[in-house]
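Enquirer: Let me begin by handing over the structure; questions about it come next.
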Amino acid sequence: MIAPRLGRHAVASVFRLGSCQFPVNQQSLRYMSKLTSRSVVTSGRMKMPVFGLGTWQSPPEDIDTALKVAIQTGYRHIDTAYSYQNETAIGASLAKMFDTGKIKREDLFIVTKLPMIGNRAEDVEVFLRKSLENLKLDYVDLYLIHIPIGMVNRGLNVIFPKDEQGNLLIDHSTNIVEVWKAMEAQVDAGRTKNIGLSNFNQSQIKRILDNCRIHPTNLQVEMHIYLQQKDLVSFCKQNDITVCAYSSLGSPALLTVMKHRGFSTEGVRVLRPMEDPLIIEIAKRYNKQPSHILLRYLIEYGVVVIPKSTNPSRIKQNFEVFDFELTKEEFERISALDRGEEGRIFGGRGNKGNFRVRIEGSLCNFRLVL
């Protein structure tokens, strides 16, 4: 199955450039405007920049420099989460930048996420208010349910509660529909402009769609050349849900992070998309880095990317994906690299150390290194 190529022509159900917006369909794709650093994907009223800065595993002490460089480079989309435990550092950095007048709050698209310990209707507002306090903001642009699994709430700072034997305390009573209704209330209250999902599968998304009053505008999932999730992306586009890819470069630092956090690395599937011969071949052709090809492919696929880095030179380098485009042949060859579930890094079959949880009829595999 070849991924439908949006290329420079479009990046979602609607592609918007400046004041112009174009509905996406197979007949109109070839007449769309060229992708730029200011291109966005849209769902309803949401306008989400196609390129953002991921902050998963970004230490608080590195945040200020990373954000300054990113904003100066042209990033306008910042992705974080309550579970990342770096919202406070992000908030302090943003406040300083806002005070200079060089950037305004309305210029940025800021995303954070409800943690698993908040996956109860009565806790949604509590955790969003805490995130807003940490971020020093009155609202976020997008609030996501981080994972469709709840954990027992043992306190705002106990991100991964465990019992005396070290087992994670899963809340098996999690009701994602009730959680979603509480998410909708946050839009009503003005604490978030949009709401969405993360790490949900197709059946779980459909359950939300069948019961929602406010439509989910975005889904954030693991995605890279070896796990292209073509059926899921197609389903989301059919339902006007934009898609954002995490681990778009294959999470090259995953083993280091797991060891640092005390997780076993036994059986972890290690994939290195940046070392793929085809990606290296195409990168040389354009005098680009392999990371550029991986990111450009996903943007042309119609997916938002949020590569994580705190290295100033790499933050700048990652953004250099708007001065070239892949040929049809190159795009199709990269599309053919998809390995399906065998390409999944987080929770894939054959990966040891994952846990399986049945949530409202859907069996979920997860590796928790959030």
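The values are calculated or read from the model by the stated rules, or taken from the named source; none is laboratory data. All figures in this text were calculated on a predicted structure; none of them were measured in a lab. Virtual Cβ from ideal backbone geometry, glycine too; neighbours counted across all protein chains shown. With ligands, DNA and RNA removed, areas are computed over all heavy atoms of the protein, side chains included. Shrake-Rupley method; radii C 1.70, N 1.55, O 1.52, S 1.80 Å.
Enquirer: Which residues, counting only those in segment 175-225, are more than 15 Å from D240 (Cβ to Cβ) and touching a Pro at 6+ places or on another chain (Cβ under 6 Å)?
Expert: I176, F200, Q204, H224, I225
Enquirer: All but one of (1) touching a Phe, Trp or Tyr at 6+ places or on another chain (Cβ under 8 Å); (2) under 26 Å from M97 (Cβ atoms); (3) open to solvent by 40 Å² or more (accessible area, probe 1.4 Å) hold for L132, so report the exception by its number.
Expert: Result: L132 fails condition (3) only.
Enquirer: Here's a follow-up. One residue is enough: does segment 176-187 have a residue meeting the conditions at pLDDT 95 or above, closer than 28 Å to N153 by Cα and not in a helix (DSSP H, G or I)? Please lay out each step first, then the result.
Expert: Taking segment 176-187 as the starting set, the residues that turn out to be at pLDDT 95 or above are 176-187.
From what is left, the residues that are closer than 28 Å to N153 by Cα are 176-187.
Those still in the list that are not in a helix (DSSP H, G or I) too: none.
The answer is no; no qualifying residue exists.
Enquirer: Need pairs with beta-carbon distance below 6 Å; first residue in contact (Cβ under 8 Å) with a residue 60 or more places away in the chain and closer than 12 Å to L156 by Cα and within segment 116-128, second of a type in the set (K, R) and surrounded by fewer than 24 Cβ atoms within 10 Å (Cβ to Cβ); sequence gap 6+ or separate chains.
Expert: L128/R191
Enquirer: In segment 141-148, is there at least one residue being within 19 Å of the chain's Cα centre (by Cα) and free of Cβ contacts under 8 Å to residues at least 60 places away in the same chain?
Expert: Yes; the residues of segment 141-148 include at least one that is within 19 Å of the chain's Cα centre (by Cα) and free of Cβ contacts under 8 Å to residues at least 60 places away in the same chain.
Enquirer: OK, next. Return the residues of segment 78-112 that are of a type outside the set (A, V, I, L, M, F, W, C), open to solvent by less than 10 Å² (accessible area, probe 1.4 Å) and under 21 Å from S198 (Cα atoms); say none if nothing qualifies.
Expert: The answer is D79, T80, S83, N86, E87, T112.
Enquirer: Might you check whether a residue that is open to solvent by less than 30 Å² (accessible area, probe 1.4 Å) and at pLDDT 95 or above occurs anywhere in segment 28-40?
Expert: The answer is yes; a qualifying residue exists.
Enquirer: Check off (1) closer than 30 Å to R76 by Cβ; (2) surrounded by fewer than 17 Cβ atoms within 10 Å (Cβ to Cβ) for I170 and give me the number that stays unchecked.
Expert: Unmet condition: (1).
Enquirer: Now for a different question. Taking segment 293-341, which residues are of a type in the set (G, A, S), farther than 16 Å from D276 by Cβ and open to solvent by 50 Å² or more (accessible area, probe 1.4 Å)?
Expert: S313
Enquirer: Can you find a residue in segment 216-223 that is farther than 18 Å from V50 by Cα and open to solvent by less than 50 Å² (accessible area, probe 1.4 Å)?
Expert: Here is the first cut: in segment 216-223, the residues farther than 18 Å from V50 by Cα are none.
So far as segment 216-223 goes, no, none of its residues is farther than 18 Å from V50 by Cα and open to solvent by less than 50 Å² (accessible area, probe 1.4 Å).
Enquirer: Return a yes/no flag: does segment 213-236 have any residue that is farther than 18 Å from G44 by Cα and of a type in the set (V, I, T). Lay out the reasoning, then the answer.
Expert: Residues of segment 213-236 farther than 18 Å from G44 by Cα: 221-232.
Still in the list and also of a type in the set (V, I, T): 221, 225.
Yes, some residue in segment 213-236 is farther than 18 Å from G44 by Cα and of a type in the set (V, I, T).
Enquirer: D138 passes all but one of (1) among the charged types (D, E, K, R); (2) at pLDDT below 95; (3) under 24 Å from L67 (Cα atoms); which number fails?
Expert: For D138, the failing item is (2).
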